[in-house]
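The values are calculated or read from the model by the stated rules, or taken from the named source; none is laboratory data. Model, not experiment: these values are computed from the prediction. When we count neighbours, we look across all protein chains shown, and the Cβ atoms used for this are built from the backbone with ideal geometry, even at glycine.
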Amino acid sequence: MTIGQYHTLRLDRITPPGAYLTNGETNVLLPTKYIPKDAKVDDELRVFVYRDSEDRIICTTLTPNLVLNQFGYLRVKDVSSVGAFLDWGIEKDLLVPFREQVGRLDVGQWILVYLYTDEKSDRVVATSKVSRFYETVEIDLEEGQEVDLLISNTTDLGLNVVINDTYQGLIYANDIFHDLLEGDRMKGYVKTIRADRKIDVSLRQTGLENLESGATQILEALKKNEGYLPLHDKSDPTDIQLELQMSKKNFKRSVGVLYKKKLIQLQDEGIRLV
């Protein structure tokens, strides 16, 4: 039974301390307060398995902020003589030992970490020294492929991102048209896989990179508003300014670009994303 992962287990029996779940070989306790009200023997429950503060294997129906072999942004809750403790989203906090820290960590700080199993102690540990966990040899991606992104940190070139919890990538500054925060998760697209195995990423699908910034801004606004904006060529300039922070002239030109590329439909009372 892998520590730090979700498991679907069968409810074997219910006792005063809680329910004992099993995978057929190992039993693990689910404390009473986490047992679903309608749970009964032989039900299957999806739980997160971890070690509690007394190093016992236990499980919970709470959702952790990070699972094994995953990158994530977590908040520092406490700092002690053994390291920093992060908000894991469950009863137990997640330790980042001093040896696994890049620089001093302070309470309230948010940091990018990776969750892995320490071979010496056989315990799940977080590290902010994440670079060694990126895959750099076998790049199982294709240009134009949609991927999951985690915004990492700002560089002189743009923003570093984690791709599919596996690879490191870069969004160039001139490809960013709205505010992005470290820790944000979103969809993106593989732009280029370079000869040096580094990966460039775009927030727009292939073929949309050359859209002017106004057109891109309208696309983003449409996506945030369920694909529709109540704006058209006869809208009051003030309404356009309030909604999109652009002039009516720029709005009409950008709408024309999107319409020619067949990305939007023009309707009587607004525009709709195709």
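Observations on the structure shown:
- Residue match in region 205-224 (condition: touching a residue at least 12 places away in the same chain (Cβ under 8 Å) and on the phi > 0 side of the Ramachandran plot): no
- Hits in region 71-89 (condition: in contact (Cβ under 8 Å) with a residue 24 or more places away in the chain and either crowded, with 18+ Cβ neighbours inside 10 Å or at positive phi (or both)): Phe71, Gly72, Tyr73, Leu74, Val76, Leu86, Trp88, Gly89
- Residue match in region 221-237 (condition: modelled with pLDDT of 85 or more, among the basic types (Lys, Arg) and under 22 Å from the mean Cα position of the chain (by Cα)): yes
- Check on Asn164, polar (S, T, N, Q) and under 30 Å from Leu86 (Cα atoms): yes
- Positions within region 147-198 being more than 15 Å from the chain's Cα centre (by Cα), assigned to a loop (DSSP other than H, G, I, E, B) and modelled with pLDDT of 95 or more, in sequence order: none
- Residue in region 118-128 that is of a type in the set (Val, Ile, Thr) and either at pLDDT 95 or above or loosely packed, with under 14 Cβ neighbours inside 10 Å (or both) present: yes
- Subset of region 148-159 [touching a Phe, Trp or Tyr at 6+ places or on another chain (Cβ under 7 Å) and either loosely packed, with under 12 Cβ neighbours inside 10 Å or more than 17 Å from Asn69 (Cβ to Cβ) (or both)]: Leu157, Gly158
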